[in-house]
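The values are calculated or read from the model by the stated rules, or taken from the named source; none is laboratory data. Because the structure is predicted, anything quoted here is derived from the model rather than measured. Glycine also receives a Cβ, built like all others from the backbone with ideal geometry; neighbour counts cover every protein chain displayed. Each accessible area value is taken on the protein alone, full model and side chains, heavy atoms only, with ligands, DNA and RNA left out. Shrake-Rupley method; radii C 1.70, N 1.55, O 1.52, S 1.80 Å.
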Amino acid sequence: MLRFFQRLFTKSESGGARSTSTPTKNQPSSPISVIYNEQGVQLYFEGEVKQSVAWGEIDLIAIRIEDEFLPFPYWYAGNQDNLLRIPNDAVGGTELFFDGFSEYVKGYKSDETFKVIIEASAAMEGSFVLWRAENATAA
């Protein structure tokens, strides 16, 4: 959880730079990575695309704190039929969660969204809806 909180306040100031699947010196290696571009988001496992969603198909972005051994945040983005489950420590995640969603999801970049992110970062359990489209069908 501390890592999540640290990442929250060390957000990239790159102004929408695209994420890559290559870990940096300060970023731990994870088998899961995300890459985004102007079309949408791709979720990779060990370098192979497992799932993708187009920006226009996203009608929900949420954080759920799940407890496998210790409480751990997962980000969910998509819709009822196609919902990406992205671990908080996914390579490229920080860039997607802040820069990508802010650039490509209209209404995501708001004080309210970032208040909910801070609330989730302090939680030990629960679900936190960051953004939802008016026509959202994802549960």
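Residues that are closer than 18 Å to Ile58 by Cα and loosely packed, with under 14 Cβ neighbours inside 10 Å within the stretch 82-131 comprise Lys106, Gly107, Ser110, Ser127, listed in sequence order. Counting only strands (runs of 3 or more DSSP E) that sit completely within the stretch 57-119, those holding 1 or more residues that are among the small types (Gly, Ala, Ser) and at negative phi correspond to 60-67, 71-78. For the stretch 19-49, a tally of residues being open to solvent by 90 Å² or more (accessible area, probe 1.4 Å) and modelled with pLDDT of 50 or more returns 6.
Taken over the stretch 59-71, the criterion of being modelled with pLDDT of 95 or more and either of a type in the set (Phe, Trp, Tyr) or closer than 18 Å to Thr94 by Cα (or both) is satisfied by Leu60, Ile61, Ala62, Ile63, Arg64, Ile65.
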